[in-house]
Every structure is written in C-alpha cells, then in structure tokens.
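The values are calculated or read from the model by the stated rules, or taken from the named source; none is laboratory data. Note that the coordinates shown come from a computational prediction; the quantities given were computed from them, not determined experimentally. A quick note on method: Cβ atoms are made from the backbone with ideal geometry, for glycine too, and the neighbour counts reach across all protein chains shown. Each accessible area value is taken on the protein alone, full model and side chains, heavy atoms only, with ligands, DNA and RNA left out. Shrake-Rupley method; radii C 1.70, N 1.55, O 1.52, S 1.80 Å.
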Amino acid sequence: MGQGLLRPWVLAAFLVSAVTGARESMSQFVKINTGKADGDGGISESVGAMVAEALLEWAHGCHLVLIQASESQISGHVTRAISTALGRRFSWWTSGQGAFFRRGQDYVKHHLWGEAAFPCRALLLDLTGNATRIFRFLETSGVSLYPEMRTVLVGPQHQMEAALQHPSLRNAIHAVYLALKDGVRKDVFAYRRCLYCDHGEMGVQVLDQWQLNSGPSRFPSPFSEEINDFMGHNFRIVARFYFPTIDYTRDTDETGTTVTLRDSLNARMLVAIAAKLNFTYVIREPKDGEWGMLLEGGNWTGLVGTLQQEEADFSTTITPTAPRLLAMEQARIYTRDPFVITSMKPRRLPHFLALVTPFTGTVWLILAISIFLTGVSLFVLLRAWSHLSGKPVFSLSTTLFFTWGTVLEDPPTAPPQSSTGRVVVICLAILSVVAGSGYRSSLVAHLTVQLREAEVNTFHDLTERKGWRWGSELLLGASRSYFELSTDPVIQEVFRRMETHDLDESMEMVLQGGYSFITTKFQNTAVVALRYTNALGYSPIHTSRVEYPKFAGTSWGLRRGAPFRRQITRAMQQQIEAGLIDYWLGDVVKTRVIEERKDTNKVQKNAIWDYKPDDDNSRVPLTVSHLQGGFYLLFLGHFIALVVFVGEKCCPLRLLT
C-alpha cells in the first residue's frame, strides 16, 4: 500500500481514545447541539451530534478511527462534538499535511488499528462522500482481519445494503449503518448487520429510528450479542486423511472432491460442535491433496493454501507452525502427535551368555586388570623379599596362577612365606569374596529372568548402534520442517542417514530386525493395533518410551479473520476439559480394531497372528538350557588342556617352575 495509493483515498483520519467522562456532560452536549435550525448545515450538525453521542455510547474505551474520502460537514461536527464532550482535542492527519502518508504502510496500520492497550477497536466510516474510495482503502488495509471491530457507517439510505454487504466487511461481527433518509433527511435509521440471521447467511436488521429535531432518547447497543447460534450456516471444511484423527471416503475420483466422514477423532469433535453451535458443513480434500508447501511470494499449496485463498472456512487436523500462521489462523491445540521410534521388540540374549551378563564389560575389564596387576605386584614383592632373605619364591607364571586361583576361591595349598605376600593374598581374598557374592546373586537373577537386548528409545540410541538402519515415510509439511529446522546435532545426523520407504515396507523391515521406523504417535498406535497385534493382545513391535514433540501440537486451521474462531475454540476447549479428546482417541482405535477383526480374510493375511509371545519376564524354573554357558566353558577348558598336553608330548619344553 504505497503513498500514491493512499493519498487520494482518505482526506482525514483521527484517533480517539475514549476515556471515562461524566455522562451528564455528554447528555448536556447533545441537548445543546441538537437545538439548531433545520437548514442543510443545521441538519449536518445535528447528524454529527447524534453520531458523536452514539459513538460515545457504543465505542466507550475503544480506539476510534474516522475515515472520510472528502470534505464532510458531518465528520467535522463529529470531531468537534467528541472533543467538546471529552474535554480534549485529538491528533488527526490530512492529505495536505502528508505526515500520515509519508511514513508508509506500517505507520498507517499502526495508527489505524491501534495498540494492544485498548480493549476494543471502533471504526467510523463517513460515506456521505465518495464511498468507493473508502471501501477500496479498507480492502487493502486489512480490516477484514479484525472481525470484532465495532464499525459504524454513516451515509444515505440507498447505499445501506451495498455498504453492509461489501466484501471488505465480510468478517465484521459488529457493523451498524446510520442511514440518512433520502430527500428531507430529518430521520436517521439504524440498521444492524448480522452474519447468520438469514437462515445461516448474512442479513440486515432494523435497529431503531430517530428524528433529528428531537434526538434519540436511547441508543440500544448493537455490539453486546454473542454468536452462539449459526442458524444452520453451511461451513466449507478442507481435510486430509490422517487416521485416527480424521478418516473419510472420497465421493469421487476427482481432485478436490467432497468426502464422507468415517468414525475418527475429528469426526466426533465436528459432530458435537456442529450440534452445539447449530451449523452444517461440507468437507473437501485440497485440490492437490497436500498439507501445504510455501511457494515464492508467500503463497501456499495444499490445505494451507486453501485457507489462505479463503476457499474454505476451516480445516481439520493440522500442525500450526510459524510460517503457516502467516497464511492462516489456528483454533485450540487439542492434542499432541509427537514422533516415536518403532522397532522390533528386543530379543532375549542367548543362554550361553548367562555367565558373563551379571557384570558389564567395564566391570569385567576392571576385574581382569586388577587381578593381573595384583599378581605382578605380588611377584615384585616376593622377589624383593627373596633378595633380603635368600629364600626361593614363586615364578611370575606361578604367581599369576596363584592370584587367579585365589579369586576363583581355589588357591594353592602353599601360600607365600613372607608377611607382605600374605597381606596381599588376604586383600585379594576379600576382593574375591565381595566380587563372588555379587556375581552369584546377579547370575541367579539373570538365569531366572532372562535379559534382553537394549531397547531403542531415543534418536541417540539409533546413532550409537553399529549397523543399525532407520527410515520413515516421505516427510512433508511440518514433519519435514521439524528435522530441517532442528539445531540438535543428533537429530541432524538422524535426518542425514534417514531412508524413505512406504508404510508397509517399513513395517516389514522392522519385523526383520535391525531397522527402526520413525513415525508419528497417532499413526503408530493405529497401525500396530490394527495389523500387528493378535487376539491375545501380543505385538512384536516396540514403541519408544521417549517422544519428540512436533512443534506446539495438533489443531484446526481457520482462514484469517474468521468471525467464528472464538466459538469454535471455546467448544473445543470444553471437549478437552471434559476429557472427551483422550477418550475418543482411544475409542476410535478400539472400535476400528473390532471392525477389522470381523473380516476373517484380513486376519488370515496378517502374519502377525502366527507370532508367539516371547516377552514374558516372570520367573522361570532353571533348566539345563540355562546352564549351557557353564558346559561351553568346561568344554573349552578341556580343549585347551588337551592342546597343551599334545604340545608337551610333541614339543617338550622346559617350563618355568
């Protein structure tokens, strides 16, 4: 909106911050100024006084803006009347001064729509001049984005319907037209614009009629009504399939076709809200079937683009993001649909590993190093003692075997003769008692409750596993933005190595092991319950315990300036507080599972029904299978002894003694 575009449209605009004043002084003002003669100037002054009195009643405390397209006696009288009534003058700008226009579009909008400190906004349009220029200005200034603005129009009666139905006021909830009767112009008719009073469509209602010579005795407020009944208005809704939140069947194969809802979370929410607010709806898919992609110039495709171009009133499930909210508005965040990691349930570790699983690798390494260093230290101390006493001592190999035997609670019968060596052996024996007790108790626990492989619960787990792969479906919209915009190095690494497969292929790879599927919680819950859970409730699929929130959550999108936003949001909030959202979400999945399992053909096709539960972590009796690790160790010892024996016979060597 450039300087050249603004200059010829608006001759004057001023702000009025209506403050609390003595109501008696305002009434006195009306009485004084309505006693003028009935000439043309007197009528204009009387109209201005009446409009000023109405504004002080209707726009009390609001940020008030007057817009006129040419010199008008009525606007001048309104300015002077309000200034006199409130006892102060107000800043105003004209095209001659140029200050209002030279500062550009942002400056105009700032003064046009006011600041957040004002509880409401009011707009006075003087249509006694060139009304076309005023409405052209409103179209480019964004007045349609403020549906609750209190708009008062003053003009001839024959322009009333065209003015109230103008597209720039299409979202206006509060709009009153003060019509000057054609010809004599001694009467003023007040008309109220109502959005849904004419069988759900916009209509015009007569509010009151006043005579200029006597003045109005009262000004009934047209701005106090709350829209709680949409009178059967037919809303246009755009939706994209995303079970269990939204599910439907397409009515035709054409792009942008209408759809018929199936049982889903949004379907239940929509039915309840429509019944409460009394409206109907028709649902379509976006023409390109996408969520929405930002193009050059700020335009969007898909579902977001449909709302941006106002081809739909609101949408069902969508994730609001900062770029999207520049093209649409959102209702209430009613749930979260975070990312989760789907993997095969961890398998049980082999029984032959039962002997080593009681201690971690770090503990085993510390024990081995400690025993070896203890043996070396004992050998050094014994050698030092031998030099002083002249008595023979153990060799290095014998000392090492002695320390290992002590730890295994089978020490040699001949302990060291020196006191220093015996102290070392006693300390080593204490270590063997402590370590042995901990090992045996842990071994019993591991034999009775079988250990499993580590679960995949975080993105860090994915990147730390060697040879592990992961992927997702084709990422679109907010899902792709989550990974692309993340500054977390782990998430960046996950995104860099991520594979792309369709849903069925990804789940088959998960069942084969060594692969994880990154998906959203809602889809995972539905897919696992429908396809990968048998009649006994067993599923081989593990879902990560850690969830990764995808932006703020899930909401409904609305076209910008939607006058019904507050009502839709309030109804959704009531459903949230009543606990219906969580209940419906679980019940939708449960109901669909029951329906699917009635189809015996589908049940037979699912290989999951042949799986046996393998995740019982209760206690089990010990069997020979649990002790196979001990037998493997025994056979290994015998084999090593046999090799040493054969070596001694074939290649006799003098061993250290």
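At-a-glance table
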quantity	calculated
For C651, solvent-accessible area (1.4 Å; no DNA, RNA or ligand), Å²	90 Å²
Distance (nanometres) between label positions extended 7 Å along Cα→Cβ at C427 and F645	3.9 nm
Burial ranking of peptide ranges 488-501, 53-66 (average Cβ count within 10 Å, highest at the top)	53-66, 488-501
Spin-label proximity, E484 to region 309-331 - amide N less than 14 Å from point 7 Å beyond Cα toward beta carbon	321-324
Sites K181 and F118, calculated FRET efficiency, Cβ-Cβ separation with R0 30 Å, nearest 0.05	0.35
Solution diffusion estimate, µm²/s, Stokes-Einstein, region 278-364, Kirkwood Rh from C-alpha pairs, 20 °C, viscosity 1.002 mPa s	122 µm²/s
Packing-based ranking, highest mean first, of 409-418, 569-578 given that Cβ atoms within 10 Å are counted	569-578, 409-418
Contour excess over end-to-end distance, with Cα ends at E310 and L633 and 0.36 nm allotted per residue	108.7 nm
Dipole magnitude of region 388-460, debye to nearest 20 (Cβ charges: Lys/Arg +1, Asp/Glu -1, about Cα centre)	300 debye
Distance from region 389-436 to region 122-144 (C-alpha centre basis), Å	101 Å
Rounded, prolate or oblate (a/c below 1.5 giving rounded, otherwise prolate when a/b exceeds b/c) for region 294-430 by Cα gyration tensor	prolate
Sequence-distant residues sharing a close amide H with R150 (under 5 Å, placed H)	R121, A122, L123
Rounded FRET efficiency, nearest 0.05, which uses the C-beta distance separating R262 from D582 and R0 of 30 Å	0.90
For region 545-591: span of alpha carbons on each principal axis (Å, largest first)	39, 24, 19
Fraction of the pair-distance distribution of region 346-411 above 18 Å, Cα-Cα pairs, percent	54 percent
